[in-house]
Amino acid sequence: MNKKTKKPYEPVSYVAADVSAAQAFVDGNADEFQQKRLFKWLIEASGYYELSYQPDSARDTDFMEGRRFVGAQLLKLTKLNASYIANRENNAS
């Protein structure tokens, strides 16, 4: 395999549709397809489903784990029970 391995701190690739989806999201007018496309890109960009270990550098491994943490938090938000969280917040005050 001749594919060059990218360092975890190098920019993640994207195409015009990814850019448009991100811009529409920030502007508050992303359609369903754009929202799903952006979320998928964010999870892939985080490297959530990739191995964090970087054999040549512990610092690169740490950097990759930081990226994966962002992906893990985003996915976690999609699985939580929003009603339970809201009730917990209301009862805390």
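The values are calculated or read from the model by the stated rules, or taken from the named source; none is laboratory data. Small disclaimer: the values here were computed from a predicted structure and weren't measured. With ideal geometry, Cβ positions are generated from the backbone for all residues, glycine too; neighbour counts draw on all protein chains shown. Each accessible area value is taken on the protein alone, full model and side chains, heavy atoms only, with ligands, DNA and RNA left out. Shrake-Rupley method; radii C 1.70, N 1.55, O 1.52, S 1.80 Å.
Our coupling estimate for segment 46-61, obtained by passing each phi through the Karplus curve with A = 6.51, B = -1.76, C = 1.60 and θ = phi - 60°, is 6, x, 3, 8, 9, 6, 6, 4, 10, x, 8, 7, 5, 5, 5, 4 Hz, Gly and Pro reported as x. Neighbours of Q23 by Cβ distance under 14 Å: Lys/Arg scored +1, Asp/Glu scored -1, total -2.
Cross-link reach is defined here as a Cα-Cα straight distance under 13 Å, omitting same-chain residues fewer than 8 places apart; for K6 the aspartates and glutamates meeting it are E50, D56, D60.
Among 72-79, 41-48, how do they line up by average Cβ neighbours within 10 Å per residue, starting with the highest? Each step should come with its number before you reach the end.
On the way: 72-79: 10.8, 41-48: 18.0.
Order by mean packing, descending: 41-48, 72-79.
Note on F25: accessible area is roughly 120 Å² with a 1.4 Å probe, heavy atoms of protein only. With one equal scatterer per alpha carbon and no solvent term, the Debye-computed log10 I(q)/I(0) for the chain at 0.14, 0.25 1/Å reads -0.69, -1.20.
Among R59, R67, the sequence by solvent-accessible area, most first, with a 1.4 Å probe is R59, R67. Of the whole protein surface, E32 contributes about 120 Å² of accessible area at a 1.4 Å probe radius. In the chain, the DSSP-assigned H stretches of four residues or longer account for a calculated mean residue ellipticity at 222 nm of -21000 deg cm²/dmol, using -39500 (n - 2.57) per stretch and the full residue count as denominator.
The length gained on full extension between R59 and T5, counted as 0.36 nm times the residue separation minus their Cα-Cα distance, comes to 17.8 nm. Farthest toward the positive end of the dipole of the chain, out of F25, L38, Q73, is the Cα of Q73, where the dipole comes from beta carbon charges about the Cα centre. The calculated pair-distance distribution of segment 16-70 uses every alpha carbon pair, bins of 10 angstrom beginning at 0, and gives 26, 35, 25, 13, 1 percent.
Other residues whose C-beta falls under 11 angstrom from the C-beta of A82 contribute a net charge of +1, scoring Lys and Arg +1 and Asp and Glu -1.
Here V19 and N90 are evaluated by their C-beta separation; at R0 = 41 Å the FRET efficiency comes out at 0.55.
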